[in-house]
Amino acid sequence: MSFRNIGRIQHSRIEYSKSGYSLFDQLGYNSIVELVEDAVSKSKHSVYCYTKTRGDIVPNFPVRLTLPVSRYDKVPTLKYLSRFVIRQYVIINDMDKLPLPVSLVKYLQEEGPYF
């Protein structure tokens with residue numbers, strides 16, 4: 001599981017055992033969805049440390065999980081996001097002046113769902 005905290009991207013491993021899915025040595029859940037939903041519910045009232053360090057030098061980071069996003073159905077592709085940002089800064093008539101391959105320029109000029 002990845003999350004952003006204080007401007008940094010953090011990662012925490014979801015483990016699976018006979019007791020179910022868990023973060024570290026917590027109670028196991030029947031599914032990852034249940035685990036995330038419970039973490040979000042708990043985060044509404046408290047702050048938890050969902051990171052685990054290998055030593056005492058690096059501290060754990062307290063985290064509130066408030067906006068879960070599935071990387072499979074809600075996050076646009078990097079290709080799409082790149083086109084979106086480029087189109088915010090470059091006029092469509094000037095796209096062919098960019099030092100890019102013709103196929104990429106054509107993709108940038110295509111209409112997307114938010115253009």
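No lab work stands behind these numbers, since they all come straight from the coordinates. For clarity, every value in this text was computed on a predicted model and none was experimentally measured. Every residue, glycine among them, receives a Cβ derived from its backbone with ideal geometry; neighbour counts consider all protein chains shown.
Some observations on this one:
- Estimated FRET transfer efficiency when R0 is 35 angstrom, pair Asp96-Arg8 (beta carbons, to 0.05): 0.35
- Sequence-distant lysines (8 or more away, or on other chains) whose Cα lies within less than 17 Å of Lys79: Lys106
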